[in-house]
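A quick write-up on the structure given underneath.
The values are calculated or read from the model by the stated rules, or taken from the named source; none is laboratory data. Remember, predicted model here, so these are calculated numbers, not experimental data. Cβ placement follows ideal geometry from the backbone for every residue including glycine, while neighbour counts extend to all protein chains displayed.
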Amino acid sequence: MLTGEIRNQVDQLWNTFWSGGISNPLSVIEQITYLLFAKRLDDLQLAKEAQANATGKKIQDPLFKTNQKDLRWSRFKDFEPEKKFNLFKDEVFPFIKELNGKAGSSYTKFMQDAVFMVPNPALLDKVINMIDDIPMEDRDTKGDLYEYMLSKIASAGQNGQFRTPRHIIKMMVELTAPTPKDIICDPACGTCGFLVSAAEYLEDHRKELFRDKKLKQHFHENMFHGSDFDPSMLRIGAMNMTLHGIDNPLIEQRDSLSEDHADKHRIKCGYASMERKPFHTQLIPASFCKE
């Protein structure tokens, strides 16, 4: 759960965007997500650097090249507002959009329409400083932060923008106990919280997944399926999956309750070939198709 102090910080951040001219709730969440994503990329790089220093080996799969140091949060956050704004608009944001640049990937597909909407240097400088002050080291805090932001959407009841609480997601995944050969589907994936939790469960409980080439490929390319009707949420979900190391999840924009999508869906992978049940018959947010 978020502490009162963190809630207050998020409220202040939200109000800053509104007073700065960005008043659409989903647009606010998208812009905050882009900034959180940039910060998280630098956190991941710092972790890789710490591991390399501890082992005396080279950094494995660095996120930033040597000539991209200024694109890192820990560097540009201290630039003066005008330089920070121009750098983020012209270099950092395009870098984020093209990060997982595999042609046809879910990330590339949904990020191509992403738009940086912060209108001026003063607003960007203020919100970057505010985000930098929010403690987000804990994995659950990030999820609760998203949940709290989504609760601010006045039209949530109409648009279905609800995030299942973290502890409920964790319980459902643990009860289902996915295996490395499963196909995991969430027909209303939103920010992909269920899919990410399933991936984390496998990483924690099935270490053999990453020692087997075939299982590893299945994990990155065939295991995770998701759909949602809102492109903004799908962009957030695609970034969420990428940050958690899933290269190419199969995420699609569609209304899973529509009869138009009740059939014509077939999952094929190296372990199974099975018909997927019509999405409108799924009674829980995330379902696991066993071999």
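Some values worked out for this structure:
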item	result
Which listed residue, of ILE169, ILE184, is under 24 Å from MET241 (Cβ atoms), in the same structural domain as PRO231 (by TED's automatic domain parsing), surrounded by 16 or more Cβ atoms within 10 Å (Cβ to Cβ) and modelled with pLDDT of 90 or more	ILE184
Scan of segment 1-60 for residues that are assigned to a loop (DSSP other than H, G, I, E, B) and within 21 Å of VAL127 (Cβ to Cβ), ordered by number	LEU2, THR3, GLY20, GLY21, ILE22, SER23, ASN24
Yes/no for SER27 being assigned by TED's automatic domain parsing to the domain that holds PRO119 and either at positive phi or touching a residue at least 60 places away in the same chain (Cβ under 8 Å) (or both)	yes
Residues of segment 54-85 satisfying the condition of being of a type in the set (D, E, K, R), more than 25 Å from the chain's Cα centre (by Cα) and surrounded by 10 or more Cβ atoms within 10 Å (Cβ to Cβ)	ASP78, GLU82, LYS83
Segment 233-255 - residue that is crowded, with 21+ Cβ neighbours inside 10 Å and of a type in the set (Gly, Ala, Ser) and, of those, farthest from SER27 (Cα to Cα)	ALA238
Residue ranges of strands (runs of 3 or more DSSP E) in segment 217-291 with at least 3 members under 25 Å from TYR34 (Cα atoms) and either at pLDDT 60 or above or of a type in the set (A, V, I, L, M) (or both)	224-228, 250-253
Residue identified as surrounded by fewer than 18 Cβ atoms within 10 Å (Cβ to Cβ), at pLDDT below 95 and small (Gly, Ala, Ser) among ALA114, ALA122, ALA103	ALA103
Those residues of segment 61-82 which are of a type in the set (Ser, Thr, Tyr) and within 16 Å of ALA47 (Cβ to Cβ), in sequence order	SER74
Count - residues of segment 62-85 that are over 12 Å from ALA38 (Cα atoms), touching a residue at least 24 places away in the same chain (Cβ under 8 Å) and polar (S, T, N, Q)	1
Only listed residue being among the charged types (D, E, K, R) and either within 22 Å of TYR148 (Cα to Cα) or modelled with pLDDT of 90 or more (or both), chosen from LYS57, LYS65, LYS77	LYS77
Test result for ASP204, surrounded by 19 or more Cβ atoms within 10 Å (Cβ to Cβ), modelled with pLDDT of 75 or more and not assigned by TED's automatic domain parsing to the domain that holds GLY20	no
